[in-house]
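Worksheet: one structure, shown below.
The values are calculated or read from the model by the stated rules, or taken from the named source; none is laboratory data. The structure presented is a predicted model; accordingly, all values stated were derived computationally and were not measured. Glycine gets a Cβ as well: all are built from the backbone with ideal geometry, and neighbour counts include every protein chain shown.
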Amino acid sequence: MAKSPEEEHPQKVFGWAARDSSGVLSPFHFSRRQVLFLPSELYHDRENGDDDVTVKVQYCGVCHSDLHTVKNDWGFTRYPVVPGHEIVGVVTKTGKNVNKFKVGDRVGIGVLVGSCKTCESCQQDLENYCPRMIFTYNARYHDGTRTYGGYSDMMIVEERYVLRFPDKLPSDAGAPLLCAGITIYSPMKYYGMTEPGKHLGVSGLGGLGHVAVKFGKAFGLKVTVISTSPRKEEEAIDKLGADSFLVSSDPAKMKAAMGTMDYIIDTVSAVHPLAPLLGLLKLNGKLIMLGLPEKPLELPIFPLVFGRKLVGGSDVGGMKETQEMLDFCAEHGITADIELIRMEEINTAMERLAKSDVRYRFVIDMANSVSQ
Amino acid sequence: MAKSPEQEHTVKTFGWAARDSSGVLSPFKFSRRATGDKDVTFRVLYCGICHSDLHMIKNEWGSSTYPVVPGHEIVGVVTEVGSKVQNFKVGDKVGVGCMVGSCNSCDSCANDLENYCPKMVLTYGAKYYDGTTTYGGYSDLMVADEHFVVRIPENLPLDAGAPLLCAGITVYSPLRYYGLDKPGMQVGVVGLGGLGHVAVKFAKAMGVKVTVISTSSNKKEEALKHLGADSFLVSKDQDQMQAAQGTLDGIIDTVSAKHPLLPLIGLLKTHGKLVMVGAPEKPLELPVFPLLMGRKIVGGSTIGGMKETQEMIDFAAKHNITADIEVISMDYVNTAMERLVKADVRYRFVIDIGNTLNSSN
């Protein structure tokens, strides 16, 4: 008979999980693995595999994907699920093969904790596109057990999937970079959205969007925020540094802006029309989709054909690029704008997140949360 | 009162036009301008029938004004050049494709991308600078600004070369722009018609492995034996499609009817590109998950600029690439259109204008 989450591994862990698609989270006792790939009797250290790093979690960002997952919006959630993939903490133990980290180091864990390491994608430092890539939560690990994420007091992750947190990057405001940051940085590099002077549109001003504005400015781009909420304008310009703000529900303003943007990053995960966004692009313009709507979107083909435009996607980034992104942020002073919460406040935070009522990421302060 | 088509210019011209959205073509007398300083005038010998001609004569895009003389795959022999013409002389073999004008001052024009100029003038059914309507190649004579005329190399047959002026450039340009032209790559071609068959030939000449994707298996033997495709996928066969998942670097999709994108996106490798060159009028469903999870793109392309069109013609001449055609007489054109509706042609009709367009018809 399958073991319970508390019994399947030797290391006791405390976290919060959602038990069903109401998405309500509550305290959850579970366990984390001991070793990888070899019979347990060959290991003296039963808490940590040779290639693993044990991390005491200090902060964990609340990503909108966490909300989608606890509510099973995408249809592949298995309960109980412990979300959280923007994790920052301190190393407490390292396996004997680990040489990049030592006890006391500040580290980050993002969206993936495993991959096959042998395919073309893995060999090109694109573990995020490996067909056997393993998500930090709600996935099946190499040993057949479920992965549980950072809404918990500790993590054990293979060294390759752990990131060094630069000194200049604060743990709390830096945590969201581990998903939101790399989700924006990777496509900006891949699709060539880094030429100074070019015009970037950012659709949606939430966790991803506000980071996109900051990266855009750091790359020397002109940035226009495209949003349905006029109330976000002042902050977008005064606080985030956007150059202009376009209310997408204003037909006259949208018309005036047609054919003015080199690229658009679309962070919106609700179903929404693409035609207006395609119209904002110049010739050869690129619309990059990062949000994951539940249903397919309508794609008009004429603008693609007659304007040689493209719609592309991107999904986080590989480990090497994620490290590069963190270092870039440390150098340019880029962090997320956050609201710290305690673990016990997570359900209220999720309700507010559903209404976009946060500027712009909640981050769980694990140290100040009740531990049992 | 506006002048009649016969009177608006000085040179009498004869062709065939559609008068209404039935799309039926019939003899039509009109006129063209005298050769201007920068113009090249040529006697039309052949004109390809593009599927766009069919869309336009039936007003399927809602933009047609009648009478319309279609034809934008036009080849012939120069009879007169204007005083400022540098690159052509009488007797040269030349062609004109989909455009006869552009603004010459925008970014697109400056970058040899006249096809994307907002003021680009189409070869037929559009308004020229002098306010008159442009008439296409189903006619005995063409006059065009030198900039929009291409030279046809000696070794390229005129009849089988004509369709390259639209079909050829329409697939050549995106193969280059989207980088689907590297030897060893695997590229799919959806739809085996005028565009599709030429795409197979260009891709093979670029050293690319080609998979033809079609709704039925009856084109399989031809695709493999005659056109040189490396493999053939029947899109309605679930097993075949499943086995081919994640195998293609890119796909050139020539189909303009509504069709699902999800299976095509699934055929792409990670970082793969689906390029639309057929233009369905209504939006298609875009599944976003596969785009993100595989960092894939869906892009589009339309014809190409003049510089690239000349490059494409020269490439075709070098690699002996021509269209597979069925030469017809002018008075067969209405039957040809009916057959084209049913895709009953391997793979382009070309009208033998030189020998069969008679003003006495």
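Structure above, values below:
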| quantity | calculated |
| --- | --- |
| Among residues of region B:282-325, those that are charged (D, E, K, R) and surrounded by fewer than 17 Cβ atoms within 10 Å (Cβ to Cβ), counted | 5 |
| Odd one out for B:Ser231 among (1) buried (at least 17 other Cβ atoms within 10 Å of the Cβ); (2) free of Cβ contacts under 8 Å to residues at least 60 places away in the same chain; (3) among the small types (Gly, Ala, Ser); (4) within 30 Å of B:Val327 (Cβ to Cβ) | (4) |
| Yes/no for B:Val333 being in a helix (DSSP H, G or I), aliphatic (A, V, I, L, M), touching a strand residue (DSSP E or B) at 6+ places or on another chain (Cβ under 8 Å) and buried (at least 16 other Cβ atoms within 10 Å of the Cβ) | yes |
| Residues of region A:243-291 that turn out to be in a strand (DSSP E or B), within 13 Å of chain B (Cβ to nearest Cβ) and either out of contact with any His (no Cβ under 7 Å at 6 or more places or on another chain) or under 22 Å from A:Arg361 (Cα atoms) (or both), as a count | 12 |
| Only one of B:Cys109, B:Cys166 that is within 14 Å of chain A (Cβ to nearest Cβ), touching a residue at least 12 places away in the same chain (Cβ under 8 Å) and surrounded by 15 or more Cβ atoms within 10 Å (Cβ to Cβ) | B:Cys166 |
| Qualifying residue in region A:365-372 (condition: closer than 24 Å to A:Ala242 by Cα, in contact with a helix residue (DSSP H, G or I) (Cβ under 8 Å, 6 or more places away or on another chain) and either among the aromatic types (Phe, Trp, Tyr) or surrounded by 22 or more Cβ atoms within 10 Å (Cβ to Cβ) (or both)) | no |
| A:Thr92 surrounded by fewer than 20 Cβ atoms within 10 Å (Cβ to Cβ) and in a strand (DSSP E or B) | yes |
| Among residues of region B:264-276, those that are within 7 Å of another protein chain (Cβ to nearest Cβ) and either crowded, with 22+ Cβ neighbours inside 10 Å or within 25 Å of the chain's Cα centre (by Cα) (or both), counted | 1 |
| Tally of residues being more than 11 Å from chain B (Cβ to nearest Cβ) and among the aromatic types (Phe, Trp, Tyr) across region A:119-138 | 2 |
| Of residues in region B:346-359 being modelled with pLDDT of 95 or more and aliphatic (A, V, I, L, M), the one farthest from B:Leu164 (Cα to Cα) | B:Ile353 |
| Of residues in region B:15-44 being in contact with a Gly (Cβ under 6 Å, 6 or more places away or on another chain) and in a strand (DSSP E or B), the one farthest from B:Glu338 (Cα to Cα) | B:Asp39 |
| Residues located in region A:308-320, provided they are buried (at least 20 other Cβ atoms within 10 Å of the Cβ), more than 7 Å from chain B (Cβ to nearest Cβ) and either part of a helix (DSSP H, G or I) or among the β-branched types (Val, Ile, Thr) (or both) | A:Val316, A:Met319 |
| Residue list for region B:241-263, filter: over 20 Å from B:Gly194 (Cβ atoms), away from chain A (no Cβ under 11 Å) and surrounded by fewer than 24 Cβ atoms within 10 Å (Cβ to Cβ) | B:Met241, B:Gln242, B:Ala243, B:Ala244, B:Thr247, B:Asp249, B:Pro263 |
| Conditions (1) within 14 Å of chain B (Cβ to nearest Cβ); (2) more than 24 Å from A:Pro27 (Cα to Cα); number of the one not met by A:Asp143 | (1) |
| Residue within region B:40-53 that is more than 22 Å from B:Phe148 (Cβ to Cβ), at pLDDT below 95 and not basic (Lys, Arg) present | no |
| Residue within region B:306-315 that is under 30 Å from A:Trp74 (Cα atoms) and either within 14 Å of chain A (Cβ to nearest Cβ) or at pLDDT below 95 (or both) present | no |
| Conditions (1) crowded, with 17+ Cβ neighbours inside 10 Å; (2) in a loop (DSSP other than H, G, I, E, B): number failed by A:Gly108 | (2) |
| Every residue from region A:258-288 that is of a type outside the set (S, T, N, Q), surrounded by fewer than 21 Cβ atoms within 10 Å (Cβ to Cβ) and over 21 Å from B:Leu284 (Cβ atoms) | A:Met258, A:Gly259, A:Asp262, A:Lys282, A:Leu283 |
| Selection within region A:342-365 - more than 23 Å from A:Val268 (Cβ to Cβ) and over 18 Å from the mean Cα position of the chain (by Cα) | A:Arg342, A:Met343, A:Glu344, A:Glu345, A:Asn347, A:Thr348 |
| Odd one out for A:Lys117, checked against (1) over 22 Å from A:Met366 (Cα atoms); (2) at pLDDT 95 or above; (3) not acidic (Asp, Glu) | (2) |
| Segments classed as strands (runs of 3 or more DSSP E), wholly inside region B:232-329, with at least 1 members that are closer than 30 Å to A:Ser121 by Cβ | B:248-253, B:268-276, B:284-286, B:297-300 |
| A:Phe165 within 14 Å of chain B (Cβ to nearest Cβ), within 17 Å of the chain's Cα centre (by Cα) and not acidic (Asp, Glu) | no |
| Residue in region A:333-351 that is within 25 Å of A:Glu235 (Cα to Cα) and at the interface with another protein chain (Cβ under 9 Å from one of its Cβ atoms) present | no |
| Looking only at region A:168-219, and only at residues there that are within 21 Å of A:Asp243 (Cα to Cα) and of a type in the set (Ser, Thr, Tyr), the one that is farthest from the chain's Cα centre (by Cα) | A:Thr194 |
| Pick from region B:68-89, criterion aliphatic (A, V, I, L, M) and more than 12 Å from B:Ser139 (Cβ to Cβ), ranking: nearest to the chain's Cα centre (by Cα) | B:Val75 |
| Pick from region B:74-106, criterion touching a helix residue (DSSP H, G or I) at 6+ places or on another chain (Cβ under 8 Å) and within 14 Å of chain A (Cβ to nearest Cβ), ranking: farthest from B:Lys58 (Cα to Cα) | B:Cys103 |
| Criterion (more than 21 Å from B:Cys98 (Cα to Cα) and either free of Cβ contacts under 8 Å to residues at least 24 places away in the same chain or buried (at least 19 other Cβ atoms within 10 Å of the Cβ) (or both)) met by exactly one of B:Lys29, B:Lys12 | B:Lys12 |
| The one condition in (1) at the interface with chain B (Cβ under 9 Å from one of its Cβ atoms); (2) assigned to a helix (DSSP H, G or I); (3) acidic (Asp, Glu) that A:Glu298 fails to fulfil | (2) |
| Complete set of residues in region B:340-361 that are surrounded by fewer than 16 Cβ atoms within 10 Å (Cβ to Cβ) and either acidic (Asp, Glu) or more than 17 Å from the chain's Cα centre (by Cα) (or both) | B:Lys342, B:Asp344, B:Asn355, B:Thr356, B:Asn358, B:Ser359, B:Ser360, B:Asn361 |
